[in-house]
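We did not get these values from a lab; they are worked out from the coordinates using the rules stated. This is a predicted model, so every value here is computed, not measured. With ideal geometry, Cβ positions are generated from the backbone for all residues, glycine too; neighbour counts draw on all protein chains shown.
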Amino acid sequence: MEQLAIFGGKPVRETPIYYGRQCIEDDDVAAVAETLKSDSITCGPKIDELEKLLCKVTGAKYAVAVCNGTAALHLAALAAGFQEGDEVIVSSITFAASANCVLYCGAKPVFADIDPETYNIDPDSVQPLITPRTRGIVAVDFTGQSVRHEELRIICKEHNLTLIEDAAHAIGTKYNGQPIGSIADMTCFSFHPVKTVTGGEGGAITTNDENLYRRLMRARTHGITRIRSEMAHPTDARWYNEQVELGYNYRMTDFQAALLISQLHKLPKFSARRKEIVKKYDAAFAGIPEIVVQKEIPQSDTTRHLYILRLNLEKMTCDRRQFFDALYAENICPQVHYLPVYWHSYYENLGYGKGICPNAEKYYNEVMSIPLYYSLTDEDVEDVVRAVKKVVAYYRKTC
């Protein structure tokens, strides 16, 4: 048996491949440079152009560009009216911001378990959590796969709940042919560099509700409006603006918007390449009993942000940490997405304890994300597969 690099020997490749990476091309750089040389580098025309393009991409009536995905979630929670005394049901396997946005408003996150095969929020786990205080659901399209919208919408309609979709992973995904961004009451996107398209940073909220849109627009910019119908003291003076509620400075710059516009025009090719890589991984790992491949619901046409390896540790002589470190030594650099939110020490100090979501906790102990991004070559993908198979072979139980 070939010796693993972690124990000595030659790694699968000489240079590392990380789990995610942006793709910035010459036209992206040119778009940013052109905007930097223009008269407006913030609060300018590129923001309006971006928001119109996001509406076109998602099919939503309205889009509000903001400085990052966390800001998008915060504004959505504010627009939903979450406040002290309210409860909001949240996915348990997600980045902390999906739950933090509820805390920002003074409400309480209530964590729902995941489907053990898709890793998305399980609608069957949501229903028992609903109380007279429940006001909404924050459902995460984890890895880019759509949540089960039809079931969640039935729950929301029955209990008069606001559905906020955290689609930080899911730009380009469709549910029953409908683009993510036009289905939930509000959908929040992130444009961090490891996402499918990037603005360096950046985020957005899309909605079909004009009242929510107006609230989001005000809250993005200090709660200040220039719209006469929203003012307590309306006037037709061109210079006049008025703060009508407490808001925030969550604006995006025009040069970030320029980069994101350029990237969004490439979304079809970015999406297609990610699908190609996912198909190669699925085929390579399908016959390996030590590895479980994430299941997809038939309604989701997924642009995958993450590719999750789930380890069947009962068939191996290692734990997840040993497998992770062995891959790293082969210069394949994975990551883990995510710690159950309520396991963070901050949430522990709020009174949350282990055992709330058993499927999520089991999932966390068995998974890691391997490289998935547009500019991975076929040779890179083959190196990832070879390294995974090499580590599996080393740790495979022989009895």
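Brief remarks on what is shown
- Note on the chain: the alpha carbon radius of gyration divided by the globular reference 2.2 N^0.38 Å gives 1.04.
- Report summary: the helix-based calculation at 222 nm, which adds -39500 (n - 2.57) for every DSSP H run with n ≥ 4 and divides by the residues of the chain, gives -10500 deg cm²/dmol.
- Reported to the nearest whole Å, the Cα centre-to-centre distance from the range 173-245 to the range 110-126 is 28.
- For 336, 29, 110, 66, order by how many other beta-carbon atoms lie within 10 Å, fewest first: 29, 336, 110, 66
- Solvent-free Debye scattering, log10 I(q)/I(0), computed from the Cα coordinates of the range 109-244 at q = 0.16, 0.18, 0.21 Å⁻¹: -0.90, -1.04, -1.22
- Note on the range 283-358: Kirkwood radius taken over Cα pairs, Stokes-Einstein applied at 37 °C and 0.692 mPa s, translational D equal to 214 µm² s⁻¹.
- Relative counts (whole %) of C-alpha pair distances in the range 215-306, using bins that are 10 Å wide: 13, 23, 19, 18, 16, 8, 3, 0
- In the range 1-149, the ratio of gyration radius to Kirkwood radius, Rg to Rh, stands at 1.11 when only Cα atoms are counted.
- Loop-located trypsin sites (Lys or Arg not before Pro) in the range 318-399 (DSSP state not H, G, I, E or B) with no more than 14 neighbouring Cβ atoms inside 10 Å: 354, 397.
- Positive-pole candidate from 175, 107, 121, dipole of the range 103-176, charges at beta carbon: 107
- For residue 43, the residues whose modelled amide H falls within less than 5 Å of its own, excluding neighbours fewer than 5 places apart on the same chain, are 254.
- Per-residue Karplus couplings for the range 267-278, computed as 6.51 cos²θ - 1.76 cosθ + 1.60 with θ equal to phi - 60°, are listed in order as 3, x, 6, 4, 5, 4, 5, 4, 5, 4, 5, 4 Hz, Gly and Pro entered as x.
- Loop-located chymotrypsin sites (Phe, Trp or Tyr not before Pro) in the range 181-286 (DSSP state not H, G, I, E or B) with no more than 10 neighbouring Cβ atoms inside 10 Å: 239.
- Extension gain, residue 244 to residue 83: 0.36 nm times the residue separation minus the Cα-Cα distance gives 56.1 nm.
- As an equivalent ellipsoid, the range 44-83 spans semi-axes of 21, 12, 8 angstrom, where each value is the square root of five times an eigenvalue of the C-alpha gyration tensor, largest first.
- In the range 153-201, inverting the average of 1/r over every pair of distinct C-alpha atoms gives 11.9 Å as the Kirkwood radius.
- Long-range HN-HN contacts of residue 307 with modeled amide H, under 5 Å: 370
- With an a/c value of 1.5 or above and a/b not larger than b/c for the gyration tensor axes a ≥ b ≥ c computed over the alpha-carbon atoms, the range 26-264 is described as oblate.
- Qualifying chymotrypsin sites (Phe, Trp or Tyr not before Pro) in the range 4-91, where qualification requires a DSSP coil assignment and no more than 13 other C-beta atoms within 10 Å, comprise 7.
- Computed FRET value (nearest 0.05) for residue 160 with residue 49, which takes r as the C-beta separation and R₀ as 35 Å: 0.45
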